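Below: the structure, in structure tokens.
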Amino acid sequence: MTDSKLSYAYYPGCSLHASAGEYDLSTRELFKALNIGLTEVPDWFCCGATPAHNVDELLSLSLCAKNLELAEQVEGDLAVACAACFSRLKFTQHTLEESDTKRKQVEKAIDAPVRLDGQVKHLLEILAKDLGLEQLARSIKKPLKGLKVACYYGCLLTRPPEVPNLDCTEAPTIMERVIEATGAESVAWTHRLECCGANFTLSRPGVVIQLSNAILESAKAAGADCIMVGCPLCHGNLDIRQKEIEGVYKTSYGLPVFYLTQLVGLAAGLPAEKLGLDALIVNPLPLLKEKQLL
């Protein structure tokens, strides 16, 4: 446990209350272990994720603006785990700051003034910058020595360049710096910023299988033991579809895909049952036992 007095409003988003329950569980347990306050935003609802802005811009902006207004009820910056939610909330702030016309339209739609002064932060930003890497390293109880991790950003965490302000758009290192603070080794690989196909997983699964195969192939070729992500959709495409991909391409990757909070939580000394490791489709337990991390 740290001496941190950090405290945040928490926007889990729809995925973390459904298919990515292990991301929600490990986030809450990790923040508790690090003595970081996390209070769920009351009455939050879907931000529209990746489909809404393709259908109705005003609806998409209004959904996020209303959630930002709800977050004002909780003290602290807004902590977001999902890359898609993070992207849409930040994009809404940026768009409404740039356009008085759209801001007035949204204020009429939500029947409330738009509040844009609150900070929206992905979990990576909180761990690396607010808590700080030195404090994070001091919180480690079980260093992940010997574990080679491929850090996968996907296409939403750092893009477009003028919106997230999380890290360098083309050459980010924030994910690598966080996992290296746990004692793990990050590998250099080619596909850490490539798209996995995202929500095409339902409408055009063939596209997702092709794109995700290239990502898994690159991580394996780089010598990674596993992949670490900060997005439920990326996780689904790389973990849930991995066996199907292996069948199509007649290969075997066997790469566990962890949420960042699961690996950092493991290093912080949390037991597997508090990290939802049993929910992963590619079983991570043989790897973790081989590395003597369980």
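For this structure, a couple of remarks:
- Listed cross-link partners 5/66; 32/142; 145/289 are compared with a 24 Å cut-off, the Cα-Cα value being larger for 5/66.
- The aspartates and glutamates within cross-link reach of residue 90, meaning a Cα-to-Cα straight distance under 13 Å and a gap of 8 or more places when in the same chain, are 77, 98, 117, 162.
- Isolated Cys in the chain, by beta carbon distance under 4.7 Å: 14, 46, 47, 64, 151, 168, 196, 226
- Using a Förster distance of 35 Å, the FRET efficiency for residue 292-residue 246 (Cβ separation, nearest 0.05): 0.85
- Share of carbon and sulfur in the accessible heavy-atom surface of the range 193-257 [1.4 Å probe, %]: 56 percent
- The residues of the range 114-171 expose, per residue, 43 Å² of accessible area to a 1.4 Å probe.
- GluC sites (Glu not before Pro), loop per DSSP, at most 12 other Cβ atoms within 10 Å - longest free stretch of the chain: 171-294
- Taking 0.36 nm per residue of separation and subtracting the Cα-Cα distance, full extension of the segment from residue 43 to residue 222 would add 60.1 nm.
- Rolled with a 1.4 Å probe across the full set of protein chains, the surface gives residue 45 an accessible area near 70 Å².
- J(HN,Hα) series, the range 158-170, from Karplus relation 6.51 cos²θ - 1.76 cosθ + 1.60, nearest Hz, glycine and proline x: 10, 10, x, x, 7, 10, x, 6, 8, 6, 4, 5, 8
- Kirkwood estimate for the range 126-277, i.e. one over the average of 1/r between Cα atoms, Å: 15.9 Å
- Cleavage-rule hits, trypsin sites (Lys or Arg not before Pro), the range 223-263, DSSP coil, Cβ neighbours within 10 Å at most 10: 250
The values are calculated or read from the model by the stated rules, or taken from the named source; none is laboratory data. Quick caveat: nothing in here was measured; it's all calculated off a predicted structure. Cβ atoms come from the backbone with ideal geometry, glycine included; neighbour counts cover every protein chain shown. To get the accessible areas, we keep the full protein, side chains included, count just its heavy atoms, and leave off ligands, DNA and RNA. Shrake-Rupley method; radii C 1.70, N 1.55, O 1.52, S 1.80 Å.
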